[in-house]
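The values are calculated or read from the model by the stated rules, or taken from the named source; none is laboratory data. Only a predicted model underlies this, so the values are computations on that prediction, with no experimental measurement involved. Here the Cβ is made from the backbone with ideal geometry for all residues, glycine too, and neighbour counts use every protein chain on show. Accessible surface is based on the protein model in full, side chains and every heavy atom, while ligands, DNA and RNA are left aside. Shrake-Rupley method; radii C 1.70, N 1.55, O 1.52, S 1.80 Å.
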Amino acid sequence: MPNWAFDYLLLPLGIYLARMTDVSIGTVRIILISRERKILAAMLGFIEVLLWLIVITQIMRNLSNVLCYIAYAGGFATGTFLGMVVEEKLALGHSLIRIIVPEKGEEIVQNLAQAGYRTTTLEAQGARGPVKVILSLLRRKEIPVVLGILKNTAPGAFYTIENARKTSDPELWKTSGQEGESFARILWRRQSRIRK
């Protein structure tokens, strides 16, 4: 292989791919830290820094190669985007959905309960009169299902969704009649031991 092919094709491509991978890992790692997934975040941090060291070593050896700089910046931009897409697909953690409606509150609660979601309802006063505030804690990957129920029941309902870092109820997603210990309880017990 001629030197120019390595210097101007393979090396920039390698830098681009490695930088894209390490930034994607870094984006997911930061999100895992916010979700208190310590061990997985630490392992990803190791891989991220190792890749970064390999890339920066190649950059320093080829300071006169402008394509390496472009590949580095392009890999960073692509990695940021890709990391966000990966995290969105993984849908880690829990979310709190807050639904505010002037009417059909009981119907929304009933439909959510039939689908297996717990709710808490509050009576409140809005700018245009009394409203119901419905709160429900759910897995992030279940948000589209809940929004589908909401759209079918009350299409004009106002809602907000926010991340919930943890819950005090390890039994939250235990299926009724399930034999043995729930997966949620096992995780809860393990996290409690780690925090002590």
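Quick look at the values:
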| quantity | calculated |
| --- | --- |
| Close pairs from the stretch 141-169: first within 16 Å of Val131 (Cβ to Cβ) and assigned by the TED database to the domain that holds Tyr117, partner aromatic (Phe, Trp, Tyr) and open to solvent by 90 Å² or more (accessible area, probe 1.4 Å), Cβ under 7 Å, at least 6 apart | Leu150/Tyr159 |
| Residue check for Ile100: surrounded by 14 or more Cβ atoms within 10 Å (Cβ to Cβ) and over 30 Å from Trp4 (Cα atoms) | yes |
| Test result for Val23, assigned by the TED database to the domain that holds Leu63, modelled with pLDDT under 90 and closer than 21 Å to Lys89 by Cα | no |
| Meets criteria (touching a helix residue (DSSP H, G or I) at 6+ places or on another chain (Cβ under 7 Å), outside the structural domain of Val146 (by the TED database) and open to solvent by less than 60 Å² (accessible area, probe 1.4 Å)) for Leu112 | no |
| Enumeration of residues in the stretch 73-126 that are of a type in the set (S, T, N, Q) and modelled with pLDDT of 90 or more | Thr78, Thr80, Gln110, Asn111, Gln114, Thr119, Thr120, Thr121, Gln125 |
| Output for the stretch 116-135, where each listed residue is hydroxyl-bearing (Ser, Thr, Tyr) and surrounded by 13 or more Cβ atoms within 10 Å (Cβ to Cβ) | Tyr117, Thr119, Thr121 |
| Leading residue by the ranking (surrounded by the most Cβ atoms within 10 Å (Cβ to Cβ)) among those in the stretch 136-169 that are in a strand (DSSP E or B) and of a type in the set (Gly, Ala, Ser) | Ser136 |
| The stretch 34-69 - residue that is over 29 Å from the mean Cα position of the chain (by Cα) and open to solvent by 80 Å² or more (accessible area, probe 1.4 Å) and, of those, modelled with the lowest pLDDT | Leu63 |
| Flag for Leu63 being in a helix (DSSP H, G or I) and farther than 30 Å from Thr167 by Cβ | no |
| Residue under evaluation Leu17, criteria (1) over 30 Å from Leu138 (Cβ atoms); (2) hydrophobic (A, V, I, L, M, F, W, C); (3) loosely packed, with under 14 Cβ neighbours inside 10 Å, criterion not met | (3) |
